[in-house]
Amino acid sequence: MSSKNESADVIVIGSGIGGLTAAALLQERGLSTLVFEKNRFPGGSCSSFQREGYRFDAGASVFYGFAEGERSGTLNLHTKIFKKLGISVATIPDPVQIHYHLPQGFALPVYYNLQTFLAALSARFPREEEGIRKFYQELVDVYDILSAMPAGSLEDPAHLFSVGTSQPLSTMALAMKTFRSMGKTARKYMHDEELLRFIDIEAYSWAVQDALSTPLVNAGICLADRHFGGINYPVGGSGAIPEALCQGIRKFGGEVRFKSEVSEILVENGVASGVKLADGSEHYAKAVISNATIWDTFNRLLQEPRYRVEEERFLRAPSWFQLFLGVDGSVIPEGFHVHHVLVDEWESYNKPGGTIYFSAPSILDPSLAPPGKHVVHAFVTSEVDEWQHFTRGSEAYKKAKEEFAAAIISRIESILPGLSRAIELQVLATPLTHERYLNRFKGSYGPLLKAGQHILQKPQNRTPVKNLYMAGDSTFPGQGVIAVTYSGVSCASYIARKFGKPLDYLS
Ligand SMILES: Cc1cc2nc3c(=O)[nH]c(=O)nc-3n(C[C@H](O)[C@H](O)[C@H](O)COP(=O)(O)OP(=O)(O)OC[C@H]3O[C@@H](n4cnc5c(N)ncnc54)[C@H](O)[C@@H]3O)c2cc1C
């Protein structure tokens, strides 16, 4: 433990959802926390920003984890965390998770009601109906096991013992499914090539990987909970979630300091003792949590070469090209769904730009746009290498962005005719923007598992540096707001027990 004056028990680097969740739970448990965030606002990839009366989601728009009452298993972490913090976040239920628009005119909304969705999918593949039902039932089985288990740290023997002894059958069943992939399980039941492509896009739409590379356990959460807890949109936009977590931290006496970039994690004899900010000031603590990516934490914030993490240790997910559009409301037809995924041809769905993600959350929450208008957020995968030869602010960069955006808009016009003429505001972001705003290595969506690696090979919260922990999408279980919330819960649980103040399970 450091002998220097401590700024807090626990310092958190970054106010992404993983970092804020860990800070809020620790602070509520009586451990003092101090969060340093480089930006002027919290939330990272789950923040909102405002332009000319429109409020945009910077990244995430599809939210799990907000179900109430009977529909709410242990996976409904936002509900349980905000209940614990005594803070309310209003949400609006979304009747459809995603509306897929796929090659050969294959269009399918994923309805909240599982039977309606399965009937619609089976209508396209009548001979595969039995296999379809069996496969999605496997996902529900995984979901049922997970949603009955309390969230905790897989590195905490006390938690593992508690779950193993109170739910031995579920634990065994889960252990048997842990090493299985979603794609292999799908192939057990279904054979039609187009149907298996659909299963791939079901994985790709949130995991940015095909089904064979996606663990069954992750699929059991994302593709089943949408039919139980459902998809719920926070009123006011994605930024409402980090704002509420900051409110929780402050309510119990903690602090979130903005415009405070951490330049170095201080390590003394292999033990993390605090951080150094870009302004040169040093702050000490008993423990440090990094909410930065694994590459930024080990290759930029830690100075010692022995901690380096090669880019190749994981599959680095690409970054994004994003369009934030303010549009005339008349372009969105009555009954249009909020979230869409567009694939023009199967050969390129997983290549840069191959799949278009598209959300218009003002359909659910009109407060996001001026009267009669809508916000539209569209994005495709893109790599930093495609953009880094441009000088920021140059005419050439602006022109390249506009041309790239125009091509995407024209593809979206297949489902939203007249979109290009309805645009009243256009804000464009490339992987360079992503890298700069969020301090994410190459603007990446984060590390993915390589084919053959299993879910338990994702980094957990502990690190090789004593008293340095990680939370966020570089850690188990991975990308997505609900997943990083889990990582924040498990990180806080581990640290709280270590400091003799174990957290109660969230209820
Ligand atoms: C375009 C896009 C769409 C997405 N859509 C969805 C969706 O619909 N649903 C969903 O669930 N998920 C979605 N996601 C994924 C989800 O948003 C992320 O997985 C999640 O928000 C990442 O959280 P995190 O805790 O890892 O931190 P991040 O969001 O990466 O935040 C980290 C924070 O740390 C700060 N920081 C970093 N380094 C430092 C430093 N040295 N000093 C101080 N501060 C620092 C950054 O500024 C940032 O605020 C999407 C992501 C993107 C990019």
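Worth pointing out:
- Cβ-based charge dipole, the chain, positive-most Cα from Ser47, Ala317, Ala148: Ala148
- Cα centre as origin, Lys/Arg/Asp/Glu Cβ charges: the chain dipole, Debye: 1200
- Available extension along the chain between Lys398 and Asn113 is 98.2 nm, counting 0.36 nm per residue and deducting the alpha carbon span.
- Computed FRET value (nearest 0.05) for Gln453 with Glu424, which takes r as the C-beta separation and R₀ as 45 Å: 0.50
- Each residue of the stretch 26-31 was assigned a 3J(HN,Hα) from its phi angle through the Karplus expression (A = 6.51, B = -1.76, C = 1.60, θ = phi - 60°), giving 5, 5, 5, 7, x, 9 Hz with x at Gly and Pro.
- In this structure the amide hydrogen of Thr214, modeled in the peptide plane, comes within under 5 Å of the amide hydrogens of Met182, Gly183, none closer than 5 places in sequence on its chain.
- When each of Phe258, Phe404 is scored by the number of other beta-carbon atoms lying within 10 Å, the sequence from fewest to most is Phe258, Phe404.
- The magnitude of the dipole of the stretch 383-471, with charges of +1 and -1 set on the Cβ of Lys/Arg and Asp/Glu and taken from the Cα centre, is near 560 debye.
- Exposure proxy order (Cβ contacts within 10 Å, fewest to most) of Ser166, Ser273: Ser166, Ser273
- Residue pairs exceeding 18 angstrom between C-alpha atoms, taken from Lys259/Lys466; Lys286/Lys501; Lys259/Lys401; Lys188/Lys450; Lys286/Lys498: Lys259/Lys466; Lys259/Lys401; Lys188/Lys450.
- By other beta-carbon atoms within 10 Å, ranking Cys491, Cys46, Cys246 with the fewest at the front produces Cys246, Cys46, Cys491.
- Once backbone amide H atoms are built at 1.01 Å from N, Val267 has Ser273 as its partners under 5 Å, excluding neighbours fewer than 5 places away on the same chain.
- The stretch 473-481 - phi-based ³J(HN,Hα) in whole Hz, Karplus 6.51/-1.76/1.60, Gly and Pro as x: 6, 7, 10, 4, x, x, 6, x, 5
- Residue-averaged [θ]222 nm for the chain, counting only DSSP H segments that reach four residues, each worth -39500 (n - 2.57): -10000 deg cm²/dmol
- Each of Val376, Gln426, Pro464 was placed along the dipole of the chain (beta-carbon charges, centred on the mean Cα), and the one lying farthest toward the positive end is Pro464.
- R0 of 60 Å, Cβ-Cβ distance Phe161-Glu347: FRET efficiency to nearest 0.05: 0.75
- Close amide H pairs (under 5 Å, H built 1.01 Å from N) link Ala317 with Tyr445, Gly446, Leu448, residues at least 5 positions away or on another chain.
- In this simple spin-label model, placing a label point 7 Å from the Cα along the Cα-to-Cβ direction at both His389 and Ser367 gives a separation of 4.7 nm.
- Rounded to the nearest 20 debye, dipole of the stretch 112-230 from Cβ charges on Lys, Arg, Asp, Glu: 180
- From phi via Karplus (6.51, -1.76, 1.60), per-residue ³J(HN,Hα) for the stretch 498-504 in Hz, x at Gly/Pro: 4, 8, x, 10, x, 6, 6
- Normalised contact order of the stretch 112-230, rounded percent, pairs of Cα under 8 Å and 6 or more residues apart: 34
- Modelled spin-label separation between Arg308 and Glu282, with each label point placed 7 Å from Cα along the Cα-to-Cβ direction: 2.6 nm.
We did not get these values from a lab; they are worked out from the coordinates using the rules stated. Everything quoted here is computed from the prediction, not taken from an experiment. Glycine also receives a Cβ, built like all others from the backbone with ideal geometry; neighbour counts cover every protein chain displayed.
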